[in-house]
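The values are calculated or read from the model by the stated rules, or taken from the named source; none is laboratory data. Quick caveat: nothing in here was measured; it's all calculated off a predicted structure. Note that each Cβ is placed from the backbone with ideal geometry, even for glycine, and that neighbours are counted across all protein chains shown. These area figures cover heavy atoms from the full protein model, side chains too; ligands, DNA and RNA do not enter into them. Shrake-Rupley method; radii C 1.70, N 1.55, O 1.52, S 1.80 Å.
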Amino acid sequence: EAVVDIDVKPKSSQPHWYERYLQPCVAELLGSALFIFIGCLSVVEDAEGTGRLQPALAHGLALGLTIAILGDI
């Protein structure tokens, strides 16, 4: 029976500076940009007869997508 020694570095209790500072800012920027872009695009491309439903659904779906993708950050 072979025994394999693997050096495992203990994970530090403090997250890396990227995970702590930069990643949340980039996630906020991307999430806000997606939300605003999709929302404004839905108003510009408003089809006849949809009224307030199309922008409301577009904003809701953009927000749900943003939360699903970036929520764990």
*Mind checking which pairs have a first residue in the range 48-68 that is free of Cβ contacts under 8 Å to residues at least 60 places away in the same chain and a second that is in a loop (DSSP other than H, G, I, E, B), Cβ under 8 Å, 6 or more apart or different chains?*
54/46; 54/47; 55/46
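Is one or more of the residues making up the range 37-50 of a type in the set (S, T, N, Q) and more than 11 Å from the chain's Cα centre (by Cα)?
Step one: list which residues in the range 37-50 are of a type in the set (S, T, N, Q), which gives 42, 50.
Still in the list and also more than 11 Å from the chain's Cα centre (by Cα): 42, 50.
Yes, the range 37-50 contains at least one residue that is of a type in the set (S, T, N, Q) and more than 11 Å from the chain's Cα centre (by Cα).
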_Residue among 68, 33 that alone is loosely packed, with under 11 Cβ neighbours inside 10 Å, hydrophobic (A, V, I, L, M, F, W, C) and assigned to a helix (DSSP H, G or I)_ = 68
*Could you list, in sequence order, all residues of the range 39-58 that are open to solvent by less than 60 Å² (accessible area, probe 1.4 Å) and either among the aromatic types (Phe, Trp, Tyr) or assigned to a helix (DSSP H, G or I) (or both)?*
39, 42, 54, 55, 58
